[in-house]
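The values are calculated or read from the model by the stated rules, or taken from the named source; none is laboratory data. All figures in this text were calculated on a predicted structure; none of them were measured in a lab. Here Cβ is always computed from backbone atoms with ideal geometry, including for glycine, and neighbour counts include all displayed protein chains.
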Amino acid sequence: MQAYSASLCDFKCHAFRQFIVFLHFNCLKSESSMFRKSTAILSFVVSVYISGCDLATDHVINPAPAVSIFATGLTAPLGVEADAEGRLWVTEAGDGQSDDGQLSMISATGEVFTVVTGFTSRVSPEGGVFGLNHLVLQNGILWMLHGVEGRLYQFDISTFQPGDAPMQASELKYEDVSTFVKNHDFENDTDTSDLFNLTVGPDGDLFIVDAGANAVIRRKASTKELSVFSTIPPIANPGGEPDQLEPVPTGIVFDGQKFLICNFSGYPFPAKKSPIYQVDLNGNTSVYQTGLSSATDIELGEDQKPVVIEYGSWTGETFAENSGTIMSATNQAVTPLLSGLNFPNSIKRSGSGTYFVAQTFDGVIKKVVF
């Protein structure tokens, strides 16, 4: 989404304005293109009510995974990252009523510590909240994306010890990325930017999926130079209305040879129309796997095969509660691994066969062991 300004009012909820409870997935309507799109996880739209691949090690899946609540009491958790000590680093978008977005650290025992606070958290006219999105850890530095501000923040995790007073977001170094994106002349230009997810690729460069621009932005580690690495094509919707869907990329991983990108797809959120794209080292895009629905994040298993989160089942009016899934999505098949998740937004592997899933509306992180 664009930096928060009067332009925020240009975004209209199309599909389920009356379903504010499920505003985690807004429909973006650009005044210039009149093109409907989902901004759900994009800039992380989460309802204001908040304020009140194969999994496991080598694709040998335990049919009865152990699922437990790992941490609670978070305010719209979205991005989840793990460090070598088994700690989790989580971005929280906030409640939209004050600048209470924050970075938190969760110990291996589930104790939550506030690390950085004071990130912008804004509410849209429809009642959704916009703020921090995903993060990635690289050599002790956390890189965090902020959808409203269009910024890439950095934080050195070695500077924090449990019990330290939280830092303020204004103290962190950051780089403006969305201005570059919005100034670029894309073939299918949406005139928007929503820095949503990122990964580390060749030469230590950062590769950022912009869910608003439907593009992958490359940031060179050596020079900080930004470039458009790849664009994500519209998704064909034969016999449907519209006949093409915006892809709305939500997750990206690098397996050492190629990038894999999952997509949420735009309204009306047709089932099994959210493909995984693969992008080679030259930026060429092709389909890796189809058959997924409303994918919100992608992770690599220990065998480097993708594991994908599906947000939930669209009923035609809203997304059904407790219909989120974890899917194995190899290039041969798509296989369900776990169902019954409540609007999951991100997944992170830590160690062998252990995954952490953020359920944003519930304010919890779940632990899943296969």
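Return the residue satisfying two criteria in turn: it lies in the range 320-333 and is buried (at least 17 other Cβ atoms within 10 Å of the Cβ) and at pLDDT 95 or above, and of such residues it is farthest from LEU292 (Cα to Cα). Looking at the filtered set, the residue picked out is SER323. Tell me yes or no: at least one residue of the range 218-232 is at pLDDT 95 or above and farther than 25 Å from GLY147 by Cα. No, because not a single residue in the range 218-232 is at pLDDT 95 or above and farther than 25 Å from GLY147 by Cα. Among the conditions (1) touching a strand residue (DSSP E or B) at 6+ places or on another chain (Cβ under 7 Å); (2) under 30 Å from ILE106 (Cα atoms); (3) surrounded by fewer than 23 Cβ atoms within 10 Å (Cβ to Cβ); (4) among the aliphatic types (A, V, I, L, M), ALA165 misses just one, which is (1). Applying the criterion of being more than 18 Å from HIS134 (Cβ to Cβ) and touching a Gly at 6+ places or on another chain (Cβ under 8 Å) to the residues of the range 94-116, the residue that is surrounded by the most Cβ atoms within 10 Å (Cβ to Cβ) is GLY96.
Scanning the range 249-292 for residues being more than 17 Å from the chain's Cα centre (by Cα), farther than 17 Å from GLY201 by Cα, in a loop (DSSP other than H, G, I, E, B) and not aromatic (Phe, Trp, Tyr) gives a total of 7.
Checking each residue in the range 142-185 for being under 15 Å from PHE207 (Cα atoms) and of a type in the set (A, V, I, L, M, F, W, C) picks out LEU142, TRP143, MET144, LEU145, LEU152, VAL177, PHE180, VAL181. Among the residues of the range 236-244, none qualifies, meaning not one is buried (at least 17 other Cβ atoms within 10 Å of the Cβ) and either closer than 29 Å to GLY204 by Cα or among the hydrophobic types (A, V, I, L, M, F, W, C) (or both).
One line per residue, one yes/no per condition, for (1) under 19 Å from GLN102 (Cβ atoms); (2) out of contact with any Gly (no Cβ under 8 Å at 6 or more places or on another chain); (3) not in a loop (DSSP other than H, G, I, E, B):
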| residue | (1), (2), (3) |
| --- | --- |
| MET144 | yes, no, yes |
| GLN161 | yes, yes, no |
| VAL181 | no, no, yes |
| GLU187 | no, yes, no |
| ASP191 | no, yes, no |
| ALA213 | no, yes, no |
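Is the range 190-198 home to any residue that is out of contact with any Lys or Arg (no Cβ under 8 Å at 6 or more places or on another chain) and surrounded by fewer than 18 Cβ atoms within 10 Å (Cβ to Cβ)? Taking every residue of the range 190-198 in turn, none turns out to be out of contact with any Lys or Arg (no Cβ under 8 Å at 6 or more places or on another chain) and surrounded by fewer than 18 Cβ atoms within 10 Å (Cβ to Cβ).
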